[in-house]
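Notes for the one structure printed next.
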Amino acid sequence: MKKIQFLLVTLALASVSFAQYNPARVGKKAESLYTKGLQKASEGEIPAGIALLKEAIRVEPKFEEAYLSIAGMYAEQKDYPTSVAHYETAKSIDSNYFKDYALPYSISLAGTGNFEKALEAVNQFLSITGLNPSSQNAAKYRRQCYQFAIDYANKKNPAAYKFEPHNLGDSVNSAVSEYFPTITIDGQQLVYTRRVNSINEDFYTSNKDGGQWKQSKSLEGNINSGMNEGAQNISQDGEWLIFTGCSFPDGYGSCDIYISYHTSEGWSEPENLGANVNSESWDSAPSLSPDKRDLYFSSTRPGGFGQADIYISHRRPDGSWTPAQNAGPKINTVGNESSPFIHADNETLYFTSNGHTGYGGDDLFVARKKTGTDWSVPDNLGFPINTIEDEGSLVVAADGETAYFASDRSDSRGGLDIYSFELRTDIRPAKTLWVKGKVMDATTLKGLPSAVELTELSTSEVRSRIQTDETGNYLITLPVGKNYAFNVKRKGYLFFSDNFMLSDQAPDSTYNIDIPLQPIRRDASVVLKNIFFDVNKATLKTESFPELDNVVALMTENPTIRIRISGHTDNTGTAEDNLKLSNARAKTVVTYLGSKGINAQRLTSTGFGATQPIATNDTETGKAVNRRTELRVIN
């Protein structure tokens, strides 16, 4: 039987005092209607119960208990403004009798966002003498939540932000529930869970056309079944779907995490991710990092900090997954943490928690990855994104502004619907650019499965390392505000290098880069685009070391090749000075390679000054291209 808030609160009261209002004076007809109304509500027919109680009020206009019960019923329906109105009518009849209902009244006030008045009401409730411990603890918990909400508003000023969720419409939503939205990095494909036939969960998808969502359809292939598939996450490139399967025949526990691959025939048969990811407990709500290297999920396995914790597993180069590790005490608490979502910036994690301080129930939080496995202290997303209700999963598009979530708001087509809204500025992730393309053999133009690596220049830290698919296609994200070295490697080929100087650029570009790799043979060459020198000097900057180490790896893997490092300048200055500088820079590179154990007989250097331009010297952009270091295979 559904629990009704107003009945529970009545049972929790320690004492009731009467003044002006006396229930014993209520007429039999009104009392009969009241009893029938409570019975209807207890059977789950709340609208019918409210109608009967309103009829009782028409018979007995000062029937305070009826007003209080109607207020509780509206609160059960999450119609908090109407609930507050009925509580306040009841209070106007007899404020002394009303005191014992100040706690549920405060909850309805908080439901409208009036936390200051809610705090006053709960303090009034706590002033009652003789409250039982259960009532005291419930009120103190609510008081803590209200005070948090007030302090948050004073600090963050979320009132200046307009929370305006937009229903995605009939093409996506239906008369049944839709939830767990997830979206590809280009924002063009939405995949979500729909509850079919009241009990079964299947995956549906919709694509954007001209800015509008097209009619959704069931995912094609072998992924949907008669069992429940849900809590999914589509990879940023749209090629993998990681999801939760419960009570599957090959499961390790009650719910496990599975993977399906997009093929020309649709989605493949799901595969269990194995014992390093799954356990004998509940494992659910997976989220895949944009480079497909890290898997975040929630689990109730033993050894955590609370009931459900967030765990992380890493994908090895051979495709297997490492044993899952707890995300640590900054993220996890003694409560429940679930629904993790790692953004396309690969640094910003959103999740739900009832263990971190919030508004009551499960709130949404955001944490930022620092260095290694360290995280920032999670921030509450604030009201009205968080409410006194339990919040569900949240995903944020690559633009860092558009968020998607499921809710049963007043304009729902039925049950839960999927909505989008603009995220408040201070809780947004880093804005993200992305690069996609194909790695191929420069001679045959055939796609090459290859390793693609992104290194932050200022720290030399590898921020992303992905493997292309079998036909050489790749997708990689670039959080703006930093500068990156971009390298592509495959055995038997010269590596490709480029750089993305994004520290001062706006996130308004998509890079499409097809990469022809040069087979290692005589006269094959590559420009080392991530070699940097001090201005007019031959001193290497530290940002050059990752690129030079790639050259060391190339020479080590191919012990018979000899190379020439050549230096080139633009035409600024005298020809003599340019020749001298280019020679010195080429020798500096060779010296570094020698210091890393490469035999000097395999290395030679020369400088060409400005005599071999590959772009115009009439523009600064062209000059920057001409200032370069090249590697050429000479034997």
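Every read-out reported here was derived from the displayed coordinates using simple, explicitly stated rules and does not represent laboratory data. Please read all numbers here as calculations on a predicted model, not as lab measurements. Positions of Cβ are generated from backbone atoms using ideal geometry, with glycine treated the same way; all protein chains shown enter the neighbour counts.
In table form, for the structure just shown:
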item: Length gained when the stretch residue 117-residue 276 is fully extended (0.36 nm per residue, less Cα-Cα span); result: 52.2 nm
item: Full-extension gain in nm, residue 208 to residue 153, via 0.36 nm per residue minus C-alpha separation; result: 16.2 nm
item: Estimated dipole of the chain in Debye, rounded to 20 [Cβ of Lys and Arg +1, of Asp and Glu -1, Cα centre]; result: 1280 debye
item: Volume of the Cα convex hull of region 131-217, divided per residue and given in Å³; result: 188 Å³
item: Alpha-carbon centroids, region 384-412 and region 451-475: separation in whole Å; result: 31 Å
item: Cysteines having no other Cys beta carbon under 4.7 Å from their own, within the chain; result: 145
item: Considering only the chain, percent of DSSP beta bridges that pair antiparallel, nearest 5; result: 90 percent
item: Distance between modelled label sites at residue 85 and residue 330, nm, 7 Å Cα→Cβ extension; result: 4.7 nm
item: Furthest towards positive pole of dipole, 189, 388, 503, structure part the chain, Cβ charges; result: 503
item: Which labelled figure in [x] 1.45; [y] 1.15; [z] 1.24 is Cα Rg over 2.2 N^0.38 Å, once derived from the coordinates; result: [z]
item: Inverse of mean 1/r across different Cα pairs in region 533-635, Kirkwood, Å; result: 14.1 Å
item: Net length gained if the chain between residue 268 and residue 510 were fully extended (0.36 nm per residue, minus Cα distance); result: 84.2 nm
item: Antiparallel DSSP beta bridges within region 533-635, percent to nearest 5; result: 60 percent
item: Within region 91-123, backbone nitrogen closer than 19 Å to the virtual label 7 Å beyond the Cα of residue 78 toward Cβ; result: 105-115
item: Residue 54 versus residue 443: modelled label distance in nm, points set 7 Å from Cα along the beta carbon direction; result: 8.3 nm
item: Simple spin-label estimate for residue 560 and residue 39 in nanometres, 7 Å along Cα-Cβ; result: 9.5 nm
item: Efficiency of FRET from Cβ geometry, residue 596 and residue 390, R₀ 45 Å, rounded to 0.05; result: 0.20
item: GluC sites (Glu not before Pro) lying in DSSP loop within region 143-240, provided at most 10 other Cβ fall within 10 Å; result: none
item: Span from the region 236-301 Cα centroid across to the region 79-134 one, whole angstrom; result: 45 Å
item: Dipole magnitude (debye, nearest 20) for region 487-607, charges at Cβ of Lys, Arg, Asp, Glu; result: 740 debye
item: Assigned charges on the beta-carbon of Lys, Arg, Asp, Glu; region 48-146 dipole about Cα centre (debye); result: 240 debye
item: Between region 168-219 and region 498-572, the alpha-carbon center distance in angstrom; result: 44 Å
item: Over the chain: helical MRE at 222 nm, DSSP H runs n ≥ 4 each giving -39500 (n - 2.57), nearest 500; result: -7500 deg cm²/dmol
